1. Just to be sure I understand, if you calculate percent of Cα pairs over 23 Å apart for this structure, which of (i) 28; (ii) 33; (iii) 49 do you get?
2. Out of all DSSP beta bridges in the chain, what portion is antiparallel? Express it as a percent rounded to 5.
3. Could you run the Karplus curve 6.51 cos²θ - 1.76 cosθ + 1.60 with θ = phi - 60° over segment 65-79 and give me ³J(HN,Hα) per residue in whole Hz, x for Gly and Pro?
4. Say a site is exposed when it is one of the trypsin sites (Lys or Arg not before Pro), sits in a DSSP loop, and has at most 13 other Cβ atoms within 10 Å; what is then the longest site-free stretch of the chain?
5. At 0.36 nm per residue, minus the direct Cα-Cα distance, what do L36 and E153 gain on full extension? Give it in nm, one decimal, please.
6. List the relative contact order of the chain as a percent without decimals, with contacts defined as Cα pairs under 8 Å and 6+ residues apart.
7. Quick one: which residues, 5 or more positions from G63 or on another chain, have an amide H under 5 Å from its amide H? H modelled 1.01 Å from N in the peptide plane, none for Pro or chain starts.
8. Determine the dipole magnitude for segment 3-151: charges of +1 sit on the beta-carbon of Lys and Arg, -1 on that of Asp and Glu, nothing else is charged, the reference point is the Cα centre, and the result goes in debye to the nearest 20.
Amino acid sequence: MDIAEVLKHTSPGLFLPDLKATDKQSALTELVEGLLSGTDIQNADTIMQMLHSREALGSTAVGPGVAFPHGRTLAVQRLTILIARSAAGVDFDSEDGKPTHLFFVLVAPPQDSGHQYIKSLAALIDRIQDPDLRARLMDAGDYETFCTAMRGE
């Protein structure tokens with residue numbers, strides 16, 4: 001899947017350029033609050049429970065410095081992607097033990113025609129492997145600059 005297609009599932013209101021959280025629980029809370037403030041999603045408890053259940057299976061901080069909290073829930077009607085950054089880094093139980101700086105939160109309904117959720121997750125994981133891109137994303141001054149870097153422009 002083309003990264004431009006993936007970015008259609010996010011928006012400037014779903015961009016948190018400066019997470020304040022320093023630990024996993026407060027980060028998840030801040031990420032869910034960001035989802036609720038940037039969309040018409042209303043059920044914070046359901047989304048939080050879904051993310052906790054996913055994290056219980058194994059951390060979504062797959063490194064280096066990147067996490068992909070994700071899951072399916074009836075609390076959403078369509079695939080929604082929140083993007084967040086933490087300059088200081090968050091202890092998110094990363095596989096490499098290092099702080100997590102970039103977060104891509106994907107929430108999708110249980111019925112996902114065309115498998116947009118899985119394809120989007122795979123495209124993001126593939127794209128973010130480039131260390132130069134990760135540096136550009138951390139330096140991006142705003143949402144548009146972040147997306148431009150993601151698209152490789």
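Since every read-out is calculated from the coordinates, none of them should be taken as a lab result. Everything quoted here is computed from the prediction, not taken from an experiment. Cβ: placed from backbone, ideal geometry, glycine included. Neighbour counts: every protein chain shown.
1. Of the listed options (i) 28; (ii) 33; (iii) 49, (i) comes from this structure.
2. Working: 8 of 16 bridges.
In the chain, DSSP labels about 50 percent of beta bridges as antiparallel.
3. Per-residue couplings from phi come out as x, 10, 10, 10, x, 7, x, 10, 7, 6, 6, 10, 9, 8, 4 Hz.
4. Answer from the scan: 79-153.
5. Numbers: separation 117, 0.36 × 117 = 42.12 nm, distance 2.99 nm.
Contour length minus the Cα-Cα distance gives 39.1 nm.
6. Numbers: 257 pairs, mean separation 40.4, N = 153.
In percent, rounded to a whole number, it is 26.
7. E95
8. So the magnitude is around 320 debye.
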